[in-house]
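Here is the structure we will look at.
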Amino acid sequence: MSKETVKNLEALRAQMRQLRVDAVIIPGTDPHQSEYVSDHWKLRNWVSGFTGSNGTAVVTLDQAGLWTDSRYFLQAAAELEGSGFDMHKEDVPGEATIEEWLVENLHDGAVLAVDGYLFSIIKAAQLEELCGRNGLRFASDFNIADRVWTEDRPARPTGKIYIHDEKYAGESASSKIERILAEVENAGAESIFIPSLDEIAWTLNLRGDDVAFTPVFVSYLYLSADERVLFIDDVKVDADVRAYLKSIGVKVRAYDEVKDYLGSISTHETIMLDPAKVSDTLSRALDCMKVYATSPVAMLKAVKNDVQLEGTRRAMERDGAALVRLFMWLEQNAGTGKYTELDVWDKGIEFRSQSELYRGDSFGMIAGYKEHGAIVHYSASKESASTLAADGLLLIDSGAQYLDGTTDITRTLTLGNPTADEIHDYTLVLKGHLALARAQFPVGTRGSQLDALARIYLWEEGMSYLHGTGHGVGHFLAVHEGPQNIRLNENPTTLQPGMITSDEPGVYKAGKYGIRIENLVLTVPGEHSEEFGDFYRFEVLTLFPYDRSLIDCSMLTAQEIAQINNYHKQVYDRLSPYLNDTEKQWLAEKTHQL
């Protein structure tokens, strides 16, 4: 990999010298500002060798760096070895940001170039402003991939898209479009341009397989009262989908026509653009009036309807039953020395795929054994996969895509002989996980106001974790979605009934073990007080027991013990109808009252 990426890096620099470009920034995204992208747009991977979902490469004529967050520090250090790239840590005090590094390393008048399709309106404007303040020049028309990735570049995906039945979606596409356009009108616009793949899939009740783990398809969507246009490669639309789109008034045009189409919109029209999602290049193509606002689709999509929520509950039951079979298999086989971390993922797929509604995993399983568990987003390979044994901790973070819901769960278990430190740390993480799950909070509460509940017991002992505590989860869509989250960073979005969010504190001891416990929780109405108003609380959706052998009950309050016992009773009651007698017996033992 390193020899190949060094060659690719030099090819990029050759183009930079030819065009008199002094620095380029290459994000790990695509023209739709996606977190996970199809192979066609993995330019950052191609030039650096780094494969994580979050990371930005910066290349000058004599230096190269890769910035990523704490989830990928260990992975990036390993993947960048010999590549010509240095790793830089994001959001770490004392570490230079990309902007600070550029200002320090570029001379007056230097040219900073980017591919404007890969940068949102906001990000491009920030870079342009940075250049203006520091005597640099900014260019957003450097189409890097077309210039340097000329061999072996994967084509855009050509898989067929398909209809997501309303019996799972709970609302017709026509109804969704009407609700979107009502929000657009309220914002003072007449139309909206939607580049986000999950928003398009949700709006049209369509799904695809263009991106690993997320059932979306490469496209753009334009909506107005008079015209609705889906920009997509024609080969992806079969006769049935074409007829369906016609029935809801949506025209089909070629994906590559989008820029010219936007340029032809009347100068008198006012279009809504989400400046965090629409690319700088496509924004510049528009010659009409613009309203910049957060896409209304994000909030509409985040608040699930009753059909979606009931589907998600059923998906959790099937998912929990599959995990019972997986963890039983682990107990029986981990100590044989025949299986690795990769086998855990394979067995997870085997058991989950027994459901006829299963459509694949919602992300690549993280099965981190012993020290690998401390790598927050560890991804096992044939070269790195550890062989399981009858001792140590195994962290399993996994999820699935079902037609009726998306799951995401993390459990940490001992394979034998847990140490006092492992039990102690597991119990601390569990206490934070439970505290967040039982929270009741007033209407208008933001995730950042709840985040400390999950951390306080770790903080009291001088420990913490650097990732967020919770992310939004889609419905047969992206396992990571907004606009809500639960993390230390401020986010103005308040938690609302119908939102599904993860609850996943952890602690990571480099070179030893990692512990994370994750359930998905649903915001629902809570208490009402004439004096203090309405409150919300969480309904726990995920159904699978905690590892009782890692719990130190002396560290728990009576309230926490009751909370675990009540949860375990629900787990057994909900999962047992899906299990045979042997599996029921296993689950009964794991959910036995503390």
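Working from the Cα coordinates of segment 363-459, the gyration tensor eigenvalues give, after taking √(5λ), semi-axes of 28, 20, 11 Å in decreasing order.
Cross-link pairs exceeding 25 Å between alpha carbons, from the set LYS338/LYS584; LYS123/LYS290; LYS431/LYS590; LYS7/LYS512; LYS89/LYS431; LYS370/LYS590: LYS338/LYS584; LYS7/LYS512; LYS89/LYS431. Dividing the radius of gyration of the alpha carbons in the chain by their Kirkwood radius gives 0.97 for Rg/Rh.
Phi angles of segment 394-403 translate, via the Karplus equation with coefficients 6.51, -1.76, 1.60 and θ = phi - 60°, into HN-Hα couplings of 10, 9, 10, 10, 8, x, 9, 9, 10, 4 Hz per residue; Gly and Pro are given as x. Expressed as a whole percent, the accessible surface of the chain that belongs to carbon and sulfur atoms is 49, based on a 1.4 Å probe. Using only the Cα atoms of segment 463-574, build the gyration tensor, take square roots of its eigenvalues as a ≥ b ≥ c, and label the shape rounded, prolate or oblate: rounded if a/c is under 1.5, else prolate if a/b is larger than b/c, else oblate. Oblate. In terms of its C-alpha gyration tensor, segment 362-418 has a prolate overall shape, because the principal axis ratio a/c (a ≥ b ≥ c, square roots of the eigenvalues) is not below 1.5 and a/b outweighs b/c. Taken per residue, the accessible surface of segment 1-58 reaches 38 Å², heavy atoms only and a 1.4 Å probe. Computed over protein heavy atoms with a 1.4 Å probe, the accessible surface of segment 301-346 works out to 37 Å² per residue.
Highest mean first, how do 456-466, 212-222 rank when packing is the count of other Cβ atoms within 10 Å averaged over residues?
Values: 456-466: 14.4, 212-222: 23.7.
Put in order of decreasing packing, that is 212-222, 456-466.
Taking the Cα centre of the chain as origin and assigning +1 to Lys and Arg Cβ atoms and -1 to Asp and Glu Cβ atoms, the resulting dipole is close to 680 debye. Mean separation of Cα pairs under 8 Å and 6 or more residues apart, divided by the residue count, gives the chain a relative contact order of 11 percent.
Hey, what's the Cα Rg ratio for segment 282-390 versus the globular rule of thumb, 2.2 N^0.38 Å? All intermediate terms of the calculation are to be shown ahead of the outcome.
Values: Rg = 20.7 Å, N = 109, 2.2 N^0.38 = 13.1 Å.
Rounded to two decimals, the normalised Rg is 1.58.
Taking the Cα centre of segment 137-292 as origin and assigning +1 to Lys and Arg Cβ atoms and -1 to Asp and Glu Cβ atoms, the resulting dipole is close to 100 debye.
Which is farthest toward the positive dipole end of the chain among ASN134, HIS372, LEU430, measuring Cα position about the Cα centre, with Cβ charges +1 (Lys, Arg) and -1 (Asp, Glu)? Selected residue: HIS372. Our coupling estimate for segment 141-148, obtained by passing each phi through the Karplus curve with A = 6.51, B = -1.76, C = 1.60 and θ = phi - 60°, is 10, 8, 7, 5, 4, 5, 8, 10 Hz, Gly and Pro reported as x. Packing, as the average of other Cβ atoms within 10 Å across residues, places the peptides 169-175, 544-550, 365-371 in the order 365-371, 544-550, 169-175, highest first. Put one equal scatterer on each alpha carbon of segment 18-159, apply the Debye formula with no solvent term, and list log10 I(q)/I(0) at q = 0.09, 0.13, 0.17 1/Å to two decimals. The computed values of log10 I(q)/I(0) come out as -0.26, -0.56, -0.99.
Of the peptides 505-511, 81-87, 116-122, 430-436, the ranking by mean beta-carbon count within 10 Å, highest at the top, reads 430-436, 116-122, 505-511, 81-87. Relative contact order for segment 287-392: 28 percent, from Cα pairs under 8 Å spaced at least 6 residues apart, divided by residue count. Note on segment 1-92: Cα Rg divided by 2.2 N^0.38 Å, N the number of residues, gives 1.02. What are the residues whose amide H is under 5 Å from the amide H of GLU481, where those residues sit 5 or more places off or on another chain and H is modelled from the backbone? When sequence neighbours closer than 5 places are left aside, the close amide H contacts are GLY472, VAL473, GLY474.
Taking only complete DSSP H runs, can you tell me which helices of the chain stretch 30 Å or more along their own long axis by Cα positions and average at least -0.5 on the Kyte-Doolittle scale? Display every interim value, and only then the final one.
Numbers: long enough: 306-333 (40 Å, -0.46).
Membrane-span-like by this criterion, though nothing is claimed about a membrane: 306-333.
Enter the Cα centre distance for the pair segment 363-417 and segment 195-255, rounded to the nearest angstrom. Using only Cα atoms, the two centres lie 35 Å from each other.
Considering only alpha-carbon pairs that sit under 8 angstrom and 6 or more positions apart, the relative contact order computed for segment 423-513 is 34 percent.
Assign one of three labels to segment 240-316, namely rounded, prolate or oblate, based on the Cα gyration tensor with a ≥ b ≥ c the square roots of its eigenvalues; rounded applies when a/c is under 1.5, prolate when it is not and a/b is larger than b/c, and oblate otherwise. Note, shape of segment 240-316 comes out oblate. Using the rule -39500 (n - 2.57) for each DSSP H run of four or more residues, divided by the residues of the chain, the 222 nm mean residue ellipticity is -10500 deg cm²/dmol.
In the full protein context, segment 439-498 carries 39 Å² of accessible surface per residue, based on a 1.4 Å probe and ignoring ligands, DNA and RNA. Taking amide H positions as modeled 1.01 Å from N, with prolines and chain starts lacking one, the residues under 5 Å from VAL114 and 5 or more places away or on another chain are ALA139, SER140, ASP141, PHE142. Here the Debye sum runs over all C-alpha atoms of segment 118-222 as equal scatterers in vacuum, and log10 of I(q)/I(0) at q = 0.12 Å⁻¹ comes out as -0.65. 3J(HN,Hα) along segment 33-43, derived from phi through the Karplus expression 6.51 cos²θ - 1.76 cosθ + 1.60 where θ = phi - 60°, amounts to 6, 7, 6, 10, 10, 6, 4, 4, 10, 7, 5 Hz, with x in place of Gly and Pro.
The values are calculated or read from the model by the stated rules, or taken from the named source; none is laboratory data. Because the structure is a prediction, the values reported are computed rather than measured. Please note: Cβ atoms are built from the backbone with ideal geometry, for glycine as well, and neighbour counts cover all protein chains shown. Ligands, DNA and RNA are stripped out before the accessible areas are found, and what is left, the full protein with its side chains, is counted by its heavy atoms. Shrake-Rupley method; radii C 1.70, N 1.55, O 1.52, S 1.80 Å.
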